[in-house]
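Accompanying notes for the structure given below.
The values are calculated or read from the model by the stated rules, or taken from the named source; none is laboratory data. Bear in mind the structure is a predicted one, so any value in this text is a computation, not a measurement. Cβ sites come from the backbone with ideal geometry, for glycine too, and all protein chains shown count toward neighbours. Accessible surface areas use protein heavy atoms only, side chains included; no ligands, DNA or RNA. Shrake-Rupley method; radii C 1.70, N 1.55, O 1.52, S 1.80 Å.
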Amino acid sequence: MKKENKLSSDKVFEIANCVFLLILVIIVAYPLYYVLVASISDPYEVYAGKNFLLPSKVTFEGYARVFKEKSIAMGYVNSIYYTVLGTLVSVALIITTGYCVSKKTLPFRKAIMIFYVITMYFGGGLIPTYLVVSKTGLLNSVWSLILPGGVAVYNVIVARTYFESSIPEELYEAASIDGSGNMGTFFKIALPLAKPILAVMVIFTMVAYWNDWFTSLIYMSDKAKYPLQLALRQILIQSQATATMIGNMDGGYAQANRITELIKFASIVVGAVPMLIAYPFVQKYFEKGFMAGAVKG
């Protein structure tokens, strides 16, 4: 009888767990689905709530307007370039820094970590940072987007914890006995075993660089160098200004606003799709690396 009760309670728990996870998936996934559906639906139908599950009065006018702009193709190229280069530089800095501060033999190890942590909460501000970038000759260059924020301290802490908790110290000792130096130990032992945390750092950094438009807005003056997110922002602002101007001139605000709404939803999809495509390729490492690198008390 007790065994049957236990099986019954386990079954209830599994069903409740599945229902809870299904609700959670719907809460997370539906906004993405809604934006996709809204991007190919007539805005008037969206306002009326007629596209709750399926598109209503399907139109691809928003995508046509977005891709008609030459800045979109250039923005894609720029964003891919900035994201790939920024991810390579940042992940290299984060992994090497995390490995170094994970070594208990590092002089002033605690002081270095305290210094890093302080920078998480206190910064110079926008104007001093701009002056530093300007005086170093980085304005309007790709390095102005990469170097100022190249090392994310939180990611360094996660990487450090991974190296401390997931790679046995005995491996390092064995390598030292065999005559391996610090560089050899890092490249032959630590780095091959750090694939899960590398995947986590790659996806974190890649998403951050792909979505970053504000840094480009501050440091980039050449429109030909705008990343995709900033190019989409300029198109949206231009369409809103046009809608306002048309509305003031001949009362055609409703139609112009309809185009603006189409462009807005299409821009969200155009900007998000590349990351949604890239994520599954590193997803299998994501949970393992993040949990292994989690900060432990």
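Hey, Ser221 hits all of (1) more than 19 Å from the chain's Cα centre (by Cα); (2) part of a helix (DSSP H, G or I); (3) modelled with pLDDT of 80 or more but one; which does it fall short on?
The number of the failed condition is (2).
Scan region 51-108 for residues that are of a type in the set (Phe, Trp, Tyr) and either at pLDDT below 80 or not in a loop (DSSP other than H, G, I, E, B) (or both) and jot them down.
Listed by number, the residues that qualify are Phe52, Tyr63, Phe67, Tyr76, Tyr81, Tyr82, Tyr99.
So, in region 86-124, exactly how many residues are closer than 25 Å to Trp210 by Cβ, of a type in the set (Gly, Ala, Ser) and either without any contact (Cβ under 8 Å) to a residue 40 or more places away in the chain or in contact with a His (Cβ under 6 Å, 6 or more places away or on another chain) (or both)?
The total comes to 2.
Restricting to region 187-222, name every residue that is among the polar types (S, T, N, Q) and surrounded by fewer than 16 Cβ atoms within 10 Å (Cβ to Cβ). Working first, answer last.
Step one: list which residues in region 187-222 are among the polar types (S, T, N, Q), which gives 205, 211, 215-216, 221.
Selection gives Ser221 alone.
Tally up the residues in region 19-69 that are basic (Lys, Arg) and exposed (fewer than 10 other Cβ atoms within 10 Å of the Cβ), please. Please lay out each step first, then the result.
First, pick out the residues of region 19-69 that are basic (Lys, Arg): 50, 57, 65, 68.
Then drop every residue that is not exposed (fewer than 10 other Cβ atoms within 10 Å of the Cβ), which leaves 68.
Within region 19-69, residues that are basic (Lys, Arg) and exposed (fewer than 10 other Cβ atoms within 10 Å of the Cβ) number 1.
List every residue pair whose Cβ atoms lie under 7 Å apart, where the two residues are 6 or more positions apart in sequence or sit on different chains, the first residue falls within region 208-225 and is closer than 19 Å to Val84 by Cβ, and the second residue, located anywhere, is open to solvent by less than 50 Å² (accessible area, probe 1.4 Å) and among the aromatic types (Phe, Trp, Tyr).
Tyr209/Tyr82; Ser216/Tyr226; Met220/Tyr226
Given the structure, is Leu126 surrounded by fewer than 13 Cβ atoms within 10 Å (Cβ to Cβ) and either over 21 Å from the mean Cα position of the chain (by Cα) or within 21 Å of Phe204 (Cα to Cα) (or both)? Spell out how you get there, then give the answer.
Details: surrounded by fewer than 13 Cβ atoms within 10 Å (Cβ to Cβ): yes; either over 21 Å from the mean Cα position of the chain (by Cα) or within 21 Å of Phe204 (Cα to Cα) (or both): yes.
It is true that Leu126 is surrounded by fewer than 13 Cβ atoms within 10 Å (Cβ to Cβ) and either over 21 Å from the mean Cα position of the chain (by Cα) or within 21 Å of Phe204 (Cα to Cα) (or both).
Being surrounded by fewer than 16 Cβ atoms within 10 Å (Cβ to Cβ) and either assigned to a loop (DSSP other than H, G, I, E, B) or aliphatic (A, V, I, L, M) (or both) is the filter here; which residues of region 152-183 pass it?
Result: Pro168, Leu171, Ala174, Ile177, Asp178, Gly179, Gly181, Met183.
Could you say whether any residue in region 83-106 is farther than 24 Å from Phe187 by Cα and among the aromatic types (Phe, Trp, Tyr)?
No.
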